[in-house]
Amino acid sequence: MWAQRDLHLFFLPPYSPHLNIAETVWRHLKGGWLQPQDYAQADDLAYATNRCLANFGTQLTIASSPFNAN
């Protein structure tokens, strides 16, 4: 029934962050999109995180490649 609707289940390894888009987004957020001054206060961090996530897909993008698990 699922195949007729072109839906397929793929079982992932127990821990596979490179296959989980949420893990990839948070890695880029913490590793490059947030600036050191964004960590000064909790409110600053919340604002910067919301700003980054609001810009995700337009101004902030993640390049993917089948040869690189970034």
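The values are calculated or read from the model by the stated rules, or taken from the named source; none is laboratory data. For clarity, every value in this text was computed on a predicted model and none was experimentally measured. Here the Cβ positions follow ideal geometry from the backbone for every residue, glycine too, while neighbour counts run over all protein chains shown. Please note that ligands, DNA and RNA were not included when accessible areas were found on the heavy atoms of the full protein model with its side chains. Shrake-Rupley method; radii C 1.70, N 1.55, O 1.52, S 1.80 Å.
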Mind listing whichever residues of the range 1-15 are assigned to a loop (DSSP other than H, G, I, E, B) and open to solvent by 100 Å² or more (accessible area, probe 1.4 Å)? MET1, TRP2, ASP6, HIS8, LEU9, PHE10, PHE11, LEU12, PRO14, TYR15
Under 9 Å by Cβ, and 6 or more places apart or on different chains, what pairs join a residue from the range 1-18 that is of a type outside the set (D, E, K, R) and at pLDDT below 80 with one that is open to solvent by less than 100 Å² (accessible area, probe 1.4 Å) and not in a helix (DSSP H, G or I)? LEU12/ASN20; PRO17/ALA69; HIS18/ALA69; HIS18/ASN70
Between a first residue in the range 28-53 that is over 20 Å from HIS18 (Cα atoms) and a second residue that is loosely packed, with under 13 Cβ neighbours inside 10 Å, which pairs have beta carbons less than 6 Å apart while being 6 or more apart in sequence or on different chains? LEU45/TYR39
